[in-house]
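Enquirer: There's a structure below that I have some questions on.
The values are calculated or read from the model by the stated rules, or taken from the named source; none is laboratory data. Since we're looking at a predicted model, the values are computed, not measured. Counting neighbours? That spans all protein chains shown, and the Cβs are built from the backbone with ideal geometry, glycine included. Side chains included, ligands, DNA and RNA excluded: accessible areas come from the protein's heavy atoms. Shrake-Rupley method; radii C 1.70, N 1.55, O 1.52, S 1.80 Å.
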Amino acid sequence: MGLDSVETVERVRAYDGYFKIDRWRLRHRLFDGGMSAEICREVFERGHAVAVILYDPARDTVALIDQFRVGALAAGFDPWVTEIVAGIIEPGETAESVAQRETVEETGCTVLEMIPICHYLVSPGCSSETVKLFCGRIDTCGVGGIFGLKEEGEDIRVRVVPLDRALKDLAAGRINTSLGIIALQWLALNRSKLRTQWIGTKA
């Protein structure tokens, strides 16, 4: 229905720490044409993120990262999570520049080419966060090791794995974050086209 179908009564900052929470009082248009009663909702304000699946089309491999995640611990999962490169977009930055910077910081790799996959809402019931997701072409020769910024408490292990193995890990539930799932499913669907586009080889 669009933004003009929402009436904001009040928006206040309820928590202002490392992350932020805003409390909204609002009404919105109903599907029958009327307006809802006033509702109150808290929104988690984390910022907007970018992520990139790093793919070597010549070797048909991906570079994945493993790191400790407290949210996984709180949810009862193994807190060492297999992920793809990601970072928060700061004011004045572009998604593409953040993808390049985070790739260097987290893996030591340079993205040679990059194409967009999608731009999506992470959890629209409670958060404003969005992710711009890319596929980046890299050369995985010699890639691997421990990376991350120590001043940010990062301890990131980089692994290069065949795409087929990564897809088996995905199917087995060993890759269980939305970023990794979406990126690998997209790569599985677009592998042949991507290899033809980037190196002229059919998968």
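Enquirer: Among the numbered criteria (1) touching an Asp or Glu at 6+ places or on another chain (Cβ under 9 Å); (2) under 22 Å from GLU129 (Cβ atoms), which one does ARG59 miss?
Expert: Single failed check for ARG59: (2).
Enquirer: Also, I was wondering about something else. Among (1) more than 24 Å from ASP78 (Cβ to Cβ); (2) modelled with pLDDT of 95 or more; (3) not in a strand (DSSP E or B), there is one condition ALA183 misses while meeting the rest; what is its number?
Expert: (1)
Enquirer: Collect the residues in the range 145-168 that are free of Cβ contacts under 8 Å to residues at least 40 places away in the same chain, open to solvent by less than 50 Å² (accessible area, probe 1.4 Å) and outside any strand (DSSP E or B), keeping them in residue-number order.
Expert: Across the range 145-168, the qualifying residue is only LEU167.
Enquirer: Of (1) over 15 Å from GLU83 (Cβ atoms); (2) part of a strand (DSSP E or B); (3) more than 18 Å from the chain's Cα centre (by Cα), TYR120 satisfies all except one. Which?
Expert: (3)
Enquirer: Sticking with this structure for a sec: Out of PHE68, PHE44, which single residue is within 24 Å of CYS118 (Cβ to Cβ), hydrophobic (A, V, I, L, M, F, W, C) and touching a residue at least 24 places away in the same chain (Cβ under 8 Å)?
Expert: Criteria check complete, one pass: PHE44.
Enquirer: Check off (1) modelled with pLDDT of 95 or more; (2) open to solvent by 30 Å² or more (accessible area, probe 1.4 Å); (3) within 21 Å of GLY148 (Cα to Cα); (4) touching a Gly at 6+ places or on another chain (Cβ under 7 Å) for MET114 and give me the number that stays unchecked.
Expert: The failed condition is (3).
Enquirer: Check whether at least one residue in the range 10-27 is closer than 30 Å to ALA188 by Cα, open to solvent by less than 70 Å² (accessible area, probe 1.4 Å) and modelled with pLDDT of 95 or more, and report yes or no.
Expert: Scanning the range 10-27, I find no residue that is closer than 30 Å to ALA188 by Cα, open to solvent by less than 70 Å² (accessible area, probe 1.4 Å) and modelled with pLDDT of 95 or more, so the answer is no.
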